[in-house]
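Read through the structure below, which is laid out as structure tokens, and then see the notes.
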Amino acid sequence: MDVTVSRYLAVSALLFAIGVAGVLLRRNMLVVLMSVELMLNAANLAFVTFARMLGGVEGQVIVLFVMAAAAAEVAVGLAIFLIVFRTRDTTNVDEIDLMKW
Amino acid sequence: MTTLLFLLGSLTAIVSAMSVVTRRNPVHSALSLIVCLLSVALLFLLLGAQFLAALQVIVYAGAIVVLFLFVVMLLNVRDETAVFHSAAAQRLVALAVVLAVLVEVLLVAVAGAAWLRKDEWLATTTLSFGTVQSVGRELFARYLFQFEVASVLLLVAIVGAVVLVKKKQ
């Protein structure tokens with residue numbers, strides 16, 4: 001078997017779909033955030049694949065920025081989860097309906 | 001050898017990603033996430049991105065997942081009674097959306113790559129491809145402004161997290 005571009009992209013697509021499934025199906029907010037990380041990671045894999053395919057390093061630079069954004073998102077997201085857990089004592093995303101009208 | 005490593009990396013990544021989504025205990029999910037991130041780092045290495053592979057291990061598997069584990073500890077979460085305890089209709093719609101996304105991404109990425117470019121590596125890489133030097137050169141020359149913006153973003157995130165979690169006097 002020859003490892004071609006589309007095999008890497010297929011792995012990336014599968015990881016992304018699993019991440020979407022986690023966000024839509026799970027109700028635990030920690031697992032939802034982990035699934036978001038999975039999706040970001042799938043996008044990173046696609047970026048690196050395209051960088052290798054085209055021989056340019058720009059795709060890898062973008063992955064660096066994606067990692068920075070992911071770190072920021074996790075820090076703020078987990079802080080929000082902590083306050084929600086303090087005030088409502090739940091980790092279920094269905095019970096966090098404070099902003100629902 | 002490359003094929004073997006690719007199979008190892010991709011299969012481990014997919015299986016552990018599924019395990020992230022299906023575990024009842026968030027700690028197990030976080031540990032599976034580490035395995036998934038490490039196997040994606042292996043794929044990065046196979047693609048010649050050695051700097052990013054190291055960064056993936058240090059930043060993602062090292063820092064971000066540890067942050068997750070700390071919060072799991074602080075939240076003191078118990079095992080869930082069911083993995084997917086949403087309404088049946090919601091589950092059906094979610095599955096349909098997942099399938100649609102999977103088909104769409106596969107079609108665009110895989111078929112698109114195969115159809116447009118004969119599905120092969122267009123460029124051969126040199127020895128310096130993906131090293132700290134080549135990525136750093138690009139980062140600090142052409143993407144300097146974006147780099148600074150990213151650092152401001154991280155600073156804002158730190159300040160935001162501290163302000164959010166701080167107890168009111």
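The values are calculated or read from the model by the stated rules, or taken from the named source; none is laboratory data. Since we're looking at a predicted model, the values are computed, not measured. Cβ coordinates were reconstructed from backbone atoms using ideal geometry, including for glycine residues, and neighbour counts include every protein chain displayed. Please note that ligands, DNA and RNA were not included when accessible areas were found on the heavy atoms of the full protein model with its side chains. Shrake-Rupley method; radii C 1.70, N 1.55, O 1.52, S 1.80 Å.
I need a count of the residues in region A:56-101 that are facing another protein chain (nearest Cβ under 9 Å), more than 20 Å from A:MET39 (Cα to Cα), among the aliphatic types (A, V, I, L, M) and out of contact with any Ser or Thr (no Cβ under 9 Å at 6 or more places or on another chain). Selection size over region A:56-101: 4. In region A:44-55, the qualifying residues are those that are farther than 17 Å from B:LEU38 by Cα and open to solvent by less than 20 Å² (accessible area, probe 1.4 Å), and the one that is modelled with the lowest pLDDT is A:MET53. Could you please find all residues in region A:27-71 being of a type in the set (D, E, K, R) and free of Cβ contacts under 8 Å to residues at least 60 places away in the same chain? Result: A:GLU37, A:ARG52, A:GLU58. Taking helices (runs of 4 or more DSSP H) as the structural unit, those lying wholly within region B:6-108 and holding at least 3 residues that are at pLDDT 90 or above, open to solvent by less than 30 Å² (accessible area, probe 1.4 Å) and closer than 24 Å to A:VAL48 by Cα correspond to B:26-46. Just wondering, is there one or more residues in region B:139-149 that are open to solvent by less than 90 Å² (accessible area, probe 1.4 Å) and under 20 Å from B:GLY48 (Cα atoms)? Checked against the condition, which is being open to solvent by less than 90 Å² (accessible area, probe 1.4 Å) and under 20 Å from B:GLY48 (Cα atoms), region B:139-149 yields at least one hit. Only one entry in B:ALA30, B:ALA17 is within 10 Å of chain A (Cβ to nearest Cβ), hydrophobic (A, V, I, L, M, F, W, C) and farther than 19 Å from A:TYR8 by Cα, namely B:ALA30. Consider A:ARG52 carefully, then state whether it is among the charged types (D, E, K, R) and in contact with a Leu (Cβ under 7 Å, 6 or more places away or on another chain). Yes, satisfied. Which of the residues that make up region A:8-31 are within 18 Å of B:THR3 (Cβ to Cβ) and either more than 7 Å from every other protein chain (Cβ to nearest Cβ) or open to solvent by less than 20 Å² (accessible area, probe 1.4 Å) (or both)? Result: A:TYR8, A:LEU9, A:VAL11, A:SER12.
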